[in-house]
Structure formats: C-alpha cells, structure tokens
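Everything on this sheet refers to the single structure shown next.
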Amino acid sequence: MKKATILLPMISSTLLFATNGDTLIGVGTKSRGMGGAGIGISHCAESTLQNPALITCTRGTSISFGGSIFMPDISAKMGQAPYHNSDADINIIPSIAISHKLNENWYLGVGMWGTAGMGVDYRDAKTSAMDSGNMNMVTNLQLMQFGTSLAYSTGTFGVAVTPLIQYGALDINYKGFDGSNIGDGVAQDLGFGYNFGAYYDLTNGLTLGAVYKSKVDMEYKNQLSTATQPFVNFGIFPSAMDDHLEQPAEVGVGVGYEFGKHTLAFDYKQIKWSDAKGYKDFGWDNQDVYAIGYQLKDDKWRFRLGYNYASHPLQEAQSGPSIIPAGSYAQAGGNAQNLFNLLGFPATAERHYTIGGGYEFSDNFYVDLAYIYAPETTTTMNTIVGLNPETGDLYTGKSTVKHSESSLSFQLSYRFF
C-alpha cells in the first residue's frame, strides 16, 4: 500500500520569540532577565512596554534601546516520516523606549517594540513519494507596536494609558497537493489598540500593579483564506478562513517587593486566545501565565533571575477514523485542525528560565543583558498523516513536534537628570 505523506501549511506562524503562545514573555531586557515580570515593579523607560504607569520612576529623561537575538529549534514529523528541522532558527527583535518627567505628576513615554512571533521554514526539506517535506512551507508573521504613554502619579498611586499602532506582515507559501505553489506574497496591515496600566504603593517597598491590553484586529488579505482553500476543495473544511488574525486581549496583575538590595516580583496574566479571531477558529484556549523574578542590586551591578510558566494553548480536536475514504474527508476536520496547530503553529513552549544582569558605568549610562532558555517540549496529536493516491484513502495518525528556544537580549540606557 502506497502512502504519500502530506503536511498542511502553516496558517499564521510568526517567528517564535521565547513565547507564551506567540507573545513575548517580556518586552525589555530587565523584564526578560526576571522571567518577564514587570507589572508590579518599575523598569523606568522600559516600563512603557509593560506597565506604562510605572514610568513614573523617571527623574528626568530616560532612554533605553536594544534588541534580542532569538534562536528557536523546531522539528516535526508526521506518522512514520522522518523529522524535518525548521531553518527559521535565528531572528533579531528590536526595542526602544523613552520616558520623560513633565512635572511633579505627569510623565510621557514613547516605545517601539517587537511583541509577538512564531515561524517555520521547510523550503529545503527533502521530499519523496513517502514524504512531502512538510510541503516545503515557508511562513513568517512579524508584529511590531508603537505606542505613546501618558502617566499620572500622586506618588503612591499612578495610572497610564498607551494608545498604540500595530504593524504586521504575514507571508504564507507552500506546495499544494498537486505540487503547485500556494501563496499570495506578503500581506501587510496596521491595527490600533491601547494598553492601560495602574500601580499602588501599599507600604514602603511593596507595590501592586495591574494592566489591560486590548485586542488588536489585523487583516492579511489573501493569506489565511488562500492557505485554507485547498482543504475546502478536498472537502476537509466546510469553508475557508477569513483573513483576520487578531492579537488577543491580556489582563494581568503583579506585585513587587523591594527590601534592601533585593527585589522580588510576581506577575499573573491571562492571554485571551479563545476570544481572538483566527486563534479561536483553531480552538486555542486562554493561557494563564505566571512569572517570578528576583533582582540583586549592588552599588554598580545588577543580577537577575526569573522563571515563566504557561501551559501551551493548543487543544487537540477530535480525531476521525484511521482510514477515511474519498467522499468522507469531512471526518478529518479535527485532524486537519490539529495539524495546523501542531505543525504549522507550534506554540508549544511552556517553561522559560531566565538570567540577567546589568552594570552602571556612570550615573547616566548603564548596560543590561539577559538570557532566556525554554527546554524542549514534545507534543503529539492525531493529525492527517497520508493520502493514498491510488484509492484516495486519507490516513490519520500521530504527528509530533519538538520545540525549544533560547534568546540573548542586550540593552543600552541613558538618563538625563
């Protein structure tokens, strides 16, 4: 019996950036060194990117700019086919933040940052009659946000709002069942949203923080619809997806406690994937994210440790029979969804261990570094694994993805008093 393994295309992958789902665990090097914690502790200008109410630690003007080198390691297999390694294995993520004290109560912040991403590149995967080489798919979604924060503080209490613009670019291309190239080039869009933040100093050294990030709707014309149409033609999906992919809303709280040279931080947030266009169509579940961070502050040096955990949001849909005859492919709808999620959208990282540090060269200039490691996860689901070209029988079975991540962040900061 001949089986020709097929792999579905990635729907909306972006470059996996040490992530909760496809969202960064933290934006800014200090936060990333502390497991992504930053809702209840201030990182001055960097807080523009996390809890804008906490830019109120700024004494004059603070500028931070840097970036992260991200190195994901993703491989996947379908059924008895061998693993194929994704070549999307190194990426650069920029960030910049500026905060300025206007007067005793008002503060202004400006930030631009990469916020989310995930991706695969199987263009060089070898193919055979028994292996599609993951359909040689190449996918890339880049998300950047630009925001301006206005914060008000009474000293013990502060609030801030950040209207933001999100830029996204999505490209999906792969080889279809008949060997033809599927894809429509790069699609771009701008979306609009806002972040809201607040903090309250309970006692000396103990701070509570809260944030809300709105969802941001994006439309990538002829991307998701083109990618899913072949499965409609096969009778697997009832209709093609529309082209909306919405970054989900987030709500979070955090607590920070400073005592002597030590700072402890704990954040909890929920990422609402199940309410976001695109993600909810693939059955993503809401994600509860926990971040713990520690900082030791010496005269000039800073040392940071952190841990971040969130179970991955992918939920396995119901599988059809192991052999599905032509004309009954709709029974494989759940298997196709699992394949899109598992192999095309491998947001399976769960645990992140972080370490970081910084050094103040002067009262005005300092440097920060952070390293993040997400150990390998192995996730298996029932997916479509093959198609018999002679009988038209569709086969379902186990597919597996292995996924680990590491990244190095670097940031320069300058203060004007």
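Just so it is clear, none of the values below were taken in a lab; they were calculated from the coordinates. Nothing here was measured: the structure is a model prediction, and the numbers come from that model. Counting neighbours? That spans all protein chains shown, and the Cβs are built from the backbone with ideal geometry, glycine included.
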### Task
In whole angstrom, note down how far apart the Cα centers of the stretch 200-272 and the stretch 355-377 are.
24 Å
## Note on the structure
Per GNM of the chain with C-alpha springs under 10 angstrom, the most fluctuating residue out of Thr379, Thr354, Thr203 is Thr203
### Task
Provide Rg and Dmax in Å for the stretch 254-413, with only Cα atoms included in the calculation.
22.4, 74
### Message
Using all alpha carbons of the stretch 162-245, what is the percent of pairwise distances in each 10 Å bin, ordered from the shortest bin to the longest?
### Response
15, 30, 21, 15, 11, 6, 1
### Query
To the nearest 500 deg cm²/dmol, what mean residue ellipticity at 222 nm is calculated for the chain from DSSP H runs of n ≥ 4 alone, each contributing -39,500 (n - 2.57), summed and divided by the residues?
-1500 deg cm²/dmol
### Query
Applying 1/(1 + (r/R0)^6) with R0 = 25 Å to the Cβ-Cβ distance of Ser328 and Ser274, what FRET efficiency is obtained, to the nearest 0.05?
0.30
### Query
Points 7 angstrom from Cα along the Cβ direction at Tyr152 and Arg59: gap in nanometres?
2.7 nm
### Query
Given 37 °C and 0.692 mPa s, how large is the Stokes-Einstein diffusion coefficient of the stretch 206-281 in µm²/s, with Rh as the Kirkwood radius over Cα pairs?
215 µm²/s
### Query
What does the charge add up to near Met218, with Lys and Arg as +1, Asp and Glu as -1, over the other residues with Cβ less than 13 Å from its Cβ?
-4
### Message
Over all directions, how big on average is the projection of the convex hull of the alpha-carbon atoms in the stretch 19-416, in square nanometres?
### Response
18.2 nm²
### Task
With springs connecting C-alpha atoms under 10 Å apart, model the chain as a Gaussian network and identify which of Val232, Val138, Val251 has the largest mean-square fluctuation.
Val232
### Message
Run the numbers for Lys297 and Lys221: contour at 0.36 nm per residue of separation, minus the present Cα-Cα distance, in nm.
### Response
22.5 nm
### Summary
1/(1 + (r/R0)^6) with r = Cβ-Cβ of Tyr212 and Leu102, R0 = 22 Å, i.e. FRET efficiency to nearest 0.05, evaluates to 0.40
